């Protein structure tokens, strides 16, 4: 009787929702190249009660230092939890949509493009992730982004945008990159930046938690 009553009161323990996320794209090319600029923006939807989303957009500008050649692009997709991430990613190379395909035995996506001789090219990536519950009592919301790769970026910027009624109090950011945190957003600007494979984690309490 007591077991039945406990189940009625508490119900079954639901598994935590998986945390899907992506990160900086990487490329492989036969020639050397510079990453001139790389910018990432995440716009937090105000519907944060378990159904909120973050719209991510990144733009990477490359400068080819050699001759014409093929470029292999990889866009990472990760999942913290069971299953395989399957969220939709859209990418363009010089404003031309790329034909993204899953890598062999993996969740990440890949496509090919072309470097022109001594050319400058822009890769733009966009996708949507769902905010997941985190913290004590699942009262926080969380999103993540992987700083993929070890190639230096001459000018790196990253920002999160949100409304004044999205976050209750000041959000927290990891790792410590000297983030500028305010009531409507978070930003960082770095020169000669090496991503190093670190994970950026944003957590906050939504209004009405």
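Only the coordinates and a few stated rules stand behind these numbers; no lab work does. Please read all numbers here as calculations on a predicted model, not as lab measurements. Cβ sites come from the backbone with ideal geometry, for glycine too, and all protein chains shown count toward neighbours.
Computed values, structure above
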item: Relative packing of peptides 21-33, 113-125 - highest average C-beta neighbours within 10 Å first; result: 21-33, 113-125
item: Packing-based ranking, highest mean first, of 70-80, 179-189 given that Cβ atoms within 10 Å are counted; result: 70-80, 179-189
item: Against the rule of thumb 2.2 N^0.38 Å, how large the Cα Rg of the stretch 17-206 comes out; result: 1.05
item: Three principal axis lengths of the stretch 126-190 [C-alpha, angstrom, descending]; result: 39, 23, 22
item: Alpha carbon centroid spacing (whole Å) that separates the stretch 105-144 from the stretch 161-178; result: 19 Å
item: Mean separation of Cα contacts under 8 Å, 6 or more apart, over the residue count of the chain: relative contact order %; result: 25 percent
